[in-house]
1. Could we say that residue C:95 is of a type in the set (A, V, I, L, M, F, W, C), crowded, with 21+ Cβ neighbours inside 10 Å, touching a Cys at 6+ places or on another chain (Cβ under 7 Å) and not in a loop (DSSP other than H, G, I, E, B) here?
2. Is at least one residue of the stretch B:102-120 crowded, with 22+ Cβ neighbours inside 10 Å, of a type in the set (D, E, K, R) and in contact with a strand residue (DSSP E or B) (Cβ under 7 Å, 6 or more places away or on another chain)?
3. Being more than 7 Å from every other protein chain (Cβ to nearest Cβ) and modelled with pLDDT under 95, is that true of even one residue in the stretch A:108-121?
4. Please tell me if residue B:231 is touching a strand residue (DSSP E or B) at 6+ places or on another chain (Cβ under 6 Å) and part of a helix (DSSP H, G or I).
5. Taking the options A:75, A:10, name whichever one is surrounded by fewer than 20 Cβ atoms within 10 Å (Cβ to Cβ) and either without any contact (Cβ under 8 Å) to a residue 12 or more places away in the chain or of a type in the set (Ser, Thr, Tyr) (or both).
6. Would the stretch A:10-30 turn up any residue that is farther than 29 Å from residue A:158 by Cβ and among the polar types (S, T, N, Q)?
7. If I filter the stretch E:28-47 down to residues being within 10 Å of chain F (Cβ to nearest Cβ) and not hydrophobic (A, V, I, L, M, F, W, C), which single residue comes out as farthest from residue E:108 (Cα to Cα)?
8. Any residue at all in the stretch B:49-67 that is of a type outside the set (A, V, I, L, M), free of Cβ contacts under 8 Å to residues at least 40 places away in the same chain and either crowded, with 19+ Cβ neighbours inside 10 Å or closer than 30 Å to residue A:29 by Cβ (or both)?
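The values are calculated or read from the model by the stated rules, or taken from the named source; none is laboratory data. The structure displayed is predicted, hence computed values, not measured ones. A quick note on method: Cβ atoms are made from the backbone with ideal geometry, for glycine too, and the neighbour counts reach across all protein chains shown.
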Number of protein chains: 6
Amino acid sequence: MARPDGRESGQLRPVTLTRRWSIHPEGSVLVEFGDTRVLCTASVTEGVPRWRKGSGLGWVTAEYAMLPRATNTRGDRESVKGKVGGRTQEISRLIGRSLRACIDLKALGENSIVLDCDVLQADGGTRTAAITGAYVALHDAVTWLAERKSLAGKPAAVMHRSIQAVSVGVIDGEPRLDLMYLEDVAAEVDMNVVCTGDGDFVEVQGTGEANVFRRDQLDALLDLGVLGCAELAAAQQKALAS
Amino acid sequence: MARPDGRESGQLRPVTLTRRWSIHPEGSVLVEFGDTRVLCTASVTEGVPRWRKGSGLGWVTAEYAMLPRATNTRGDRESVKGKVGGRTQEISRLIGRSLRACIDLKALGENSIVLDCDVLQADGGTRTAAITGAYVALHDAVTWLAERKSLAGKPAAVMHRSIQAVSVGVIDGEPRLDLMYLEDVAAEVDMNVVCTGDGDFVEVQGTGEANVFRRDQLDALLDLGVLGCAELAAAQQKALAS
Amino acid sequence: MARPDGRESGQLRPVTLTRRWSIHPEGSVLVEFGDTRVLCTASVTEGVPRWRKGSGLGWVTAEYAMLPRATNTRGDRESVKGKVGGRTQEISRLIGRSLRACIDLKALGENSIVLDCDVLQADGGTRTAAITGAYVALHDAVTWLAERKSLAGKPAAVMHRSIQAVSVGVIDGEPRLDLMYLEDVAAEVDMNVVCTGDGDFVEVQGTGEANVFRRDQLDALLDLGVLGCAELAAAQQKALAS
Amino acid sequence: MARPDGRESGQLRPVTLTRRWSIHPEGSVLVEFGDTRVLCTASVTEGVPRWRKGSGLGWVTAEYAMLPRATNTRGDRESVKGKVGGRTQEISRLIGRSLRACIDLKALGENSIVLDCDVLQADGGTRTAAITGAYVALHDAVTWLAERKSLAGKPAAVMHRSIQAVSVGVIDGEPRLDLMYLEDVAAEVDMNVVCTGDGDFVEVQGTGEANVFRRDQLDALLDLGVLGCAELAAAQQKALAS
Amino acid sequence: MARPDGRESGQLRPVTLTRRWSIHPEGSVLVEFGDTRVLCTASVTEGVPRWRKGSGLGWVTAEYAMLPRATNTRGDRESVKGKVGGRTQEISRLIGRSLRACIDLKALGENSIVLDCDVLQADGGTRTAAITGAYVALHDAVTWLAERKSLAGKPAAVMHRSIQAVSVGVIDGEPRLDLMYLEDVAAEVDMNVVCTGDGDFVEVQGTGEANVFRRDQLDALLDLGVLGCAELAAAQQKALAS
Amino acid sequence: MARPDGRESGQLRPVTLTRRWSIHPEGSVLVEFGDTRVLCTASVTEGVPRWRKGSGLGWVTAEYAMLPRATNTRGDRESVKGKVGGRTQEISRLIGRSLRACIDLKALGENSIVLDCDVLQADGGTRTAAITGAYVALHDAVTWLAERKSLAGKPAAVMHRSIQAVSVGVIDGEPRLDLMYLEDVAAEVDMNVVCTGDGDFVEVQGTGEANVFRRDQLDALLDLGVLGCAELAAAQQKALAS
């Protein structure tokens, strides 16, 4: 099976990071990995939840969701179903954990930032696009706080690393980078790799539901993921410089 | 109080209707009334809900929602709260009723169409923008069904009218068309007018929470609403012709 | 189609307003519009919700509900379904908005009043009967507060207007006042008109789901609604005088 | 502590059973035990729940609820809270079990009857009033089915016993019949006794939260309960004869 | 029908009370009545719920639940269903009321104890085993508080009685003690008796869903229940002495 | 920091797998990893969910939960909170995915097996103990089906691999196997490794919330995980042979 869009196995889809896509949030980025399109917003509120008051520490959390027709067939709204599904919660938790790895909550001071990642259109890799875009939105929100002199520490100390994520997988025995939906459902192994700009790992999640995987396959996927993340880090830097 | 964006009292904000904004839905329109931005999608499924089977009638329904940071301060997600709020349900019902007024369910045949109106950015008039955009998305979805020869009647019979909506209100005693958020909160009377392309009414909802209103004010608002809807009908036609 | 109970098109059903129907509430009125029977109670609590404390303003809110067998076929309880339906929420919000239009929350002072409108028997017009009865219950609750010297302003300043509501509709092309259930389901256009005792409008909601309506029909319905409300205002005054 | 209304310790409050209180249900009774006022309706539907189809057996179930201001202080609606409370469920189950003891589900045939007991005003003994009233509503519903020739057995076989219930309790060491609210909260022991018209027991529930109770107290309370139920059975018979 | 395990009609199943079954709780008892196996834990927290602060009184409450496969066929989890069922709530309330009858909340001081009774395996009598085991777990938790000098009164004053419970029922006309599941479903009358170690009653609940019962049967069941509770009280004492 | 229980860094805690711990389920195993104690049951039902009927494929799913006092401080019940938390759902999904990797759903035929993993006592590694125990319970359930000749394929074909899981983590820079709770909260990196008896991977989840991790650390943890799983596979085999 060739890649549906003709890419090389180690090639990312076109990536765009559009800052200030919406007017209200302190940080707001429309991230696109090919046809996958996620709106990432960072909302700042002064103060922290009650249980954290007086700790001197800030709070960063994330919520992920999909519009009902982001996918090929319409999904029922979780608000209408009255509960947040397991997949949604799992991804929200992953995004929150990943982004907390790049921020010094003490330097942030008693401020709260909520990262909302809403998938407007899905074509595989929504969670990795969300993490990659949320980093830029978070950066803008921290800059906004810095301009208001509301940070406890120096801006550079608050965000001491960048964070990126990409999916990798094995299709027909071949390791591939940044899977589209058609590849995702065909993958024997599927892995999400979250890295720092320095090439260290923040989170690694590999799953072989249909098939199991060997150590050498795992190694090849990790290599590919690290390469992809490095490219994404460059794209983030470029977006933040503009 | 002058209008924040310098408009005449009877002037609409710039209106754009971007068709095929997303790739998956059978109809998909990004509608903008100034800074208000709503993604309207129409999702077709063959067949109708169980209780309607064998009736020969189709089914059209609508769901409205806001992204958490569509507004100036972040709102909690209804999925996380575990229930759909009163305002959301009220607007979803209004959109569904309004759009059902333009469609002949017998000519549609036993097909179901769900209209999802997700507010990506809010600056007043989100429900009227949603109705105006949803009409175009619905039109595209019916065309899609026509191309597949899946309609029970002729395409023209299915959608026998167009539907538009606009808000009107009285600010400082002056009737104004298409209120922005700043005007909406300052309005003494607030009215939503849903019309057909022929200038008839589908729905009229006028509220004077802070103040009551006289018959002559009501008349002036209805006049303004009808004018605004006629302009929106032209914009819809132009979008559908492109 | 003649009116099922032989009324003239501009005639109300027999209206009764029975004050002090129950012993516990500060205000309690059983309102009947023909066979429609709604128990309206006004419950006073000192103080206001947390977010309103220290504002000097009072708070009035409303909740509407139907007993499961108020209607011809039994409806499932919303408590058992675990959520309040869209229709219920919409009507609760309408009643609350309507009654807040007659009360000066500053003169009320930091007191809260909840208006519960429970439909014991339904035959069309339950929301308009509820608004008409709730006004009387609210009046009694304010008098109760006045007797305890718990108002911030003078009693007359607290309730500076009366509020009434009635349904109107077009059946077979004829505008009719105060629709029974059989008329309600047959109506081409259905409108609820909420007025003040001075004949001004508080809320106007007109819907033409099956059919659209022209401006002259709208005008005729508004005329009829204003007349009906004037009669209801007289009935309220008589009940409050007894 | 003398009884607040001057009754003898073995005396019931005035009991009224008003049949056909509402127009829609197949059976409908307003039952009053003094100031306690419960609307009991019996709703018939042909057929039984899916899991019971083809069994030849009918189904009888009950739901109990309180209007928010049935009591001295307003209680939040269970529909708004999104769940049915433990007390409500417990009483609903008790009413259902009690009434199923008087009906032959085989003779009823595959019909379903829902008994709704809504407390309009509460002054102690709401569950016992509900059971006593629901029996009469159920009787009327069965008669309604008999008139339509919809029963599997003979009417007399369907309802082979009558059912009544009353509360008893010990206050200041004295056993008393049919407790008012003021007595209920002061009782050392509180018991609900459900009997058949023949004086047998259907259900006995005795609780001594604040205090424990001795066998001789239990015996005295049972004696009192049986006497009270016999009087209630006579009241039911009289109501059904009218 | 002979007893499935060959017991005499007045004989309990083998009873074991294993203290300190788990390492974390302040009190923890695995209670077994034959094959019925319930884990009872008592969890202490300093302080009381907000509405009780400053009262000087402690708080004891209970929650009962079943593992999904404690029974012969798997039951859906109440967490997944999103609500606690009527039976579960009823039993939780019974356990809480019963145990509060043995504890002096003033002597307990402002401490809270939650009794969790989780049925690991069910064979009838789960609620009575739970009450019997919870008493021992509560005793251990009070001792734990005494060792920390955290009680307001003397330890002996805090728990001034013991509490036991047992089920009794009539099968084929014969009164039997401590019903197994097979007997429970076959019983014409089913009663749960909660006693103190002094032989007084705390709660008596008798139900005759399929059949009604006479006073002499009730008397025989109460006699049997009191005897069974006395045996259980001895087993509790032995366990606490070990 | 030395290991709290004095183990070597590459040493598992004592592992026990007690089959047939409860009498009702088709498979039932109490698994203990040191003080972590999980009851794993496998419940068989004939047939599959509606959407899978006629596919010839079976269905295996899992649900994980914790008793409220399995941990050091009591957690509120998810049934009482009315929703299943994110962590619970995430682990339930992980267990289900892991166990589906060892079963041939075609050979299983149209049978459903639910794996319930209830944590009776927690001391770290509850999800890995659950997976390890659930494999044995699932094996017993498949044998039960084989004895009833209810499998579509040969028993050996149904379960073609064994599945084990263990946690690994880095504490003070040292990679350790099978973390206790005290180690879990102190870990810089935390990873769960799910393997087959052949040493292949089914799932790998590594998280470095407080810290990031390098490739060489990841490699060392994977090595350790594979070794631990091999030991667990031997324990499973021994348990199944007994």
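1. Answer is yes for this residue.
2. Checked the stretch B:102-120: at least one residue is crowded, with 22+ Cβ neighbours inside 10 Å, of a type in the set (D, E, K, R) and in contact with a strand residue (DSSP E or B) (Cβ under 7 Å, 6 or more places away or on another chain).
3. Checked the stretch A:108-121: no residue is more than 7 Å from every other protein chain (Cβ to nearest Cβ) and modelled with pLDDT under 95.
4. Numbers: touching a strand residue (DSSP E or B) at 6+ places or on another chain (Cβ under 6 Å): no; part of a helix (DSSP H, G or I): yes.
No, not satisfied.
5. A:75
6. Looking only at the stretch A:10-30, we keep the residues that are farther than 29 Å from residue A:158 by Cβ, and these are A:10-11, A:13-14.
Next, from what is left, pick out any that are among the polar types (S, T, N, Q): A:11.
For the stretch A:10-30, residues farther than 29 Å from residue A:158 by Cβ and among the polar types (S, T, N, Q): present.
7. E:35
8. no
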